[in-house]
């Protein structure tokens, strides 16, 4: 299993727009790829304008398929104007 | 759903000990609490001696029950000597 933590810091005032957008994107992504085991966007409780997208993939193929997908690229294009910074960390499951 | 990302930075040379310990702890934690939806330790690919424990709870009760459990306290006591720093971020699911 591969786990990804994407820390998303928004531009001020864009939280409502971001939440509306991910509410549409997340279910679509989960349904599009059976190799996606977990894929959720969540609001940090103690960091302003900060969200984390938590992702788990069955294997590297599933992750590569998702990253290369047309639908993800379109989703990201719509989100980027809201985003001030994004930090992506990739992990290999230990247990 | 509540999502927790715990970033664990180990003392140098303790990775093998940490991986051995979490390999025993993680399944036990998952089995102990039906409110735990996701609970895995994973090794960061591009940060030395860095792991993240990714956790998802059905609700606040499930999380509180886990945090207050005797077994978690015992597990943490065994892990702490290996750990240089730990950063815990709690999130509420958006989508």
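Values quoted throughout were computed directly from the atomic coordinates according to the rules given, and no laboratory measurement underlies them. Note that the coordinates shown come from a computational prediction; the quantities given were computed from them, not determined experimentally. Glycine also receives a Cβ, built like all others from the backbone with ideal geometry; neighbour counts cover every protein chain displayed.
Give the calculated FRET efficiency between residue A:69 and residue B:71 to the nearest 0.05, with a Förster radius of 30 Å applied to their Cβ-Cβ distance. Working from the Cβ atoms, E equals 0.15. For the range B:2-92, the relative contact order works out to 48 percent when only alpha carbon pairs closer than 8 Å and six or more residues apart are counted. Distance distribution P(r), the protein assembly as shown, all Cα-Cα pairs, bin width 10 angstrom from 0: 9, 36, 37, 16, 3 percent.
Considering all alpha-carbon pairs of the range B:2-92, what whole percent are spaced by more than 16 angstrom? Counting pairs separated by more than 16 Å, the tail of P(r) holds 53 percent. Relative to the other identical copies, residue A:69 shows label-point distances of 3.2 nm, where the label point lies 7 Å from Cα along the Cβ direction and values run shortest first. Note on residue A:23 and residue B:47: with the Förster distance fixed at 30 Å, the Cβ-Cβ geometry gives a FRET efficiency of about 0.45.
Other protein chain C-beta atoms within 10 Å of residue C-beta, averaged over B:2-15: 2.
Within 10 Å of the Cβ of each residue in A:87-93, the mean number of Cβ atoms contributed by other protein chains is 5. Here the label points at residue A:59 and residue B:80, each 7 Å from Cα along the C-beta direction, are separated by 4.2 nm in the simple model.
The packing ranking, built from the mean of other Cβ atoms within 10 Å per residue, places the peptides A:39-50, A:9-20, B:19-30 in the order A:39-50, B:19-30, A:9-20, highest first. Computed from Cα atoms, the angle from the helix A:15-32 axis to the main principal axis of chain A rounds to 10 degrees.
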